[in-house]
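A short write-up of the structure that comes next.
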Amino acid sequence: MSATSITLTRPDDWHLHVRDGAAMASVVPASARQFARAVVMPNLKPPVTTAALAAAYRERIQATVPAGLDFQPLMTLYLTDNTPPEEAERAKAAGAVAFKYYPAGATTNSDAGVTDLRKTYKTLEALQKAGLLLLVHGEVTDPNVDVFDREQVFIERQLIPLRRDFPELKIVFEHATTKEAAAYVAQADGYIAATITPQHLLFNRNAIFTGGIRPHYYCLPVLKREEHRLALVQAATSGSPKFFLGTDSAPHAAHLKEHASGCAGCYSAPAAIELYAQAFDAAGALDKLEGFASFHGPDFYGLPRNTARVTLKREAWTVPEVLPFGDNTQIKPLMGGETLDWKLQP
Ligand SMILES: [Zn+2]
């Protein structure tokens, strides 16, 4: 008989976008209801490049957490070619946990990203010394590399040399999407881990094209072939402490995704843990969900595990098709209008 209910240590989201202003106020409550902590990405416009900006952003986020919910944003700084090495100590003193490396032009608001990793080496040394993590968007931006191959090329061209040069730096390969990334992280020695999104566990690239172009399934790194999805499910459900939950929930107004040049990102926050439960259940691995969602992340970051518990019940429910977003716009959550089998209990 299959389980009708599962109880987990309260999970954390190790990769989250909450934007700013009115948009932020409409998405933070969804994550705060599900997660105790979230690693908040710094790709605002302009990006969060200093400890002072990160501390101010944390205060703005905290002001949108509904009363009675316990939710801690873990702040990150946006690494640029010009980030001074001293910013690492300032970031640590301000309670930030990591710097985010975006190759220039790789995704939403990444124009200020790094043009050549070697320009950042003094700062990376300072990160390593301060014990801060480096979170990487693992795709090359070389236009000659096929968009579906950019992650695996990143491993060879950038990640392996980077890890050789900084063996003590804790690196998270964010939103791993390929069998090559899963295999590299699983087998590599030392301080490397990866987050995996719900959409990359649940869908392959056919989802973007089924019955017409479906912009709400477009994210970066883009969904890949089925063999990659299967490798990610295997990694996430393997029990390996190197893989943990990071939704990469990336809210954009619906009209900016349903557009001639639609924005990249899936808004998964409203049903995040339920989406992961769906994927783990389909793999017959619900017993591995707690490690992935609640233990491996804090263990890798060197933070305490949460102590509160949450319960999911096997209870069919429909994800809302549309939700209010920011100032008079709307947002369409991942799998909106579709039925999920697990529901987080209030
Ligand atoms: Zn992201």
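The values are calculated or read from the model by the stated rules, or taken from the named source; none is laboratory data. Please read these numbers as outputs of a predicted model, since none were measured by experiment. When we count neighbours, we look across all protein chains shown, and the Cβ atoms used for this are built from the backbone with ideal geometry, even at glycine. Side chains included, ligands, DNA and RNA excluded: accessible areas come from the protein's heavy atoms. Shrake-Rupley method; radii C 1.70, N 1.55, O 1.52, S 1.80 Å.
List of remarks:
- Here region 5-344 is treated with +1 on each Lys and Arg Cβ and -1 on each Asp and Glu Cβ, and its dipole about the Cα centre works out to around 380 debye.
- Solvent-accessible area per residue in the chain equals 40 Å², computed with a 1.4 angstrom probe and all protein chains kept.
- If you plug the beta carbon distance of residue 86 and residue 118 into 1/(1 + (r/R0)^6) with R0 = 25 Å, you get a FRET efficiency near 0.85.
- Theoretical FRET efficiency, 1/(1+(r/R0)^6), r = Cβ-Cβ of residue 207 and residue 3, R0 45 Å, to 0.05: 0.95
- Amide H contacts of residue 81 (H built 1.01 Å from N, under 5 Å, at least 5 apart or other chain): 115
- Of 257/332; 122/242; 257/343; 45/122; 45/170, those spanning more than 18 Å from alpha-carbon to alpha-carbon: 122/242; 257/343; 45/122; 45/170
- Listed residue (155, 79, 292) projecting farthest to the positive dipole end of the chain, Cβ model: 292
- Inter-label distance for residue 287 and residue 315, nm, one decimal - labels placed 7 Å from Cα along Cα-to-Cβ: 2.6
- At the residue level, residue 322 shows approximately 50 square angstrom of accessible surface with a 1.4 angstrom probe and all protein chains present.
- Fully extended contour minus Cα-Cα distance, from residue 338 to residue 305, at 0.36 nm per residue: 8.6 nm
- Treating each Cα of region 39-120 as an identical point scatterer and summing with the Debye formula, the log10 of I(q)/I(0) at q = 0.23, 0.24 Å⁻¹ comes to -1.06, -1.12.
- At 0.890 mPa s and 25 °C, Stokes D of region 124-252 from Kirkwood alpha-carbon radius, µm² per second: 161
- Isotropic mean projected area of the C-alpha convex hull, region 133-186 (nm²): 3.6
- Top of 208, 273, 192 by mean-square fluctuation, Gaussian network on the chain, Cα under 10 Å: 208
- When a 1.4 Å probe is rolled over the protein heavy atoms, the share of accessible surface on the chain that falls to carbon and sulfur comes to 51 percent.
- The reciprocal of the average 1/r between distinct C-alpha atoms defines the Kirkwood hydrodynamic radius, which for region 1-79 equals 13.4 Å.
- For region 5-94, the relative contact order is 31 percent, taking Cα pairs closer than 8 Å that sit 6 or more residues apart in sequence and dividing their mean separation by the residue count.
- 3J(HN,Hα) from dihedral phi, region 240-252, Karplus parametrisation 6.51/-1.76/1.60, rounded to Hz, x for glycine, proline: 5, x, 7, 10, 8, 6, x, 5, 6, 3, 9, x, 9
- Most mobile of 187, 72, 62 in a GNM of the chain (Cα contacts under 10 Å): 187
- Shown here for region 141-191: GluC sites (Glu not before Pro) in loop regions (DSSP other than H, G, I, E, B) with at most 14 other Cβ atoms within 10 Å, namely 168.
- Highest GNM mean-square fluctuation among 150, 229, 164, for the chain modelled with Cα contacts below 10 Å: 164.
- For region 164-237, the convex hull drawn through the C-alpha positions has a volume of 87 cubic angstrom per residue.
- 5 angstrom amide H check on residue 72, placed H, neighbours 5+ away: 37, 38
- Solvent-accessible area of residue 13 with every protein chain in place, 1.4 Å probe, in Å² to the nearest 10: 0
- Accessible area in the full protein assembly, largest first, 1.4 Å probe, for 259, 17: 259, 17
- Over all pairs of different C-alpha atoms, the chain has a mean inverse distance whose reciprocal, the Kirkwood radius, equals 20.0 Å.
- Expected 222 nm ellipticity per residue - DSSP helices of 4 or more, -39500 (n - 2.57), all of the chain, to 500: -8000 deg cm²/dmol
- Using the Karplus relation 6.51 cos²θ - 1.76 cosθ + 1.60 with θ = phi - 60°, the per-residue 3J(HN,Hα) values for region 98-108 come to 6, 10, 10, 9, 10, x, 3, x, 6, 7, 3 Hz, with x marking Gly and Pro.
- A simple rule links phi to the HN-Hα coupling: the Karplus curve 6.51 cos²θ - 1.76 cosθ + 1.60 with θ = phi - 60°, which for region 153-165 gives 5, 4, 4, 5, 7, 10, 5, 5, x, 4, 6, 5, 7 Hz, with x for Gly and Pro.
- Length gained on full extension, residue 160 to residue 63, computed as 0.36 nm times the residue gap minus the Cα-Cα distance: 30.9 nm.
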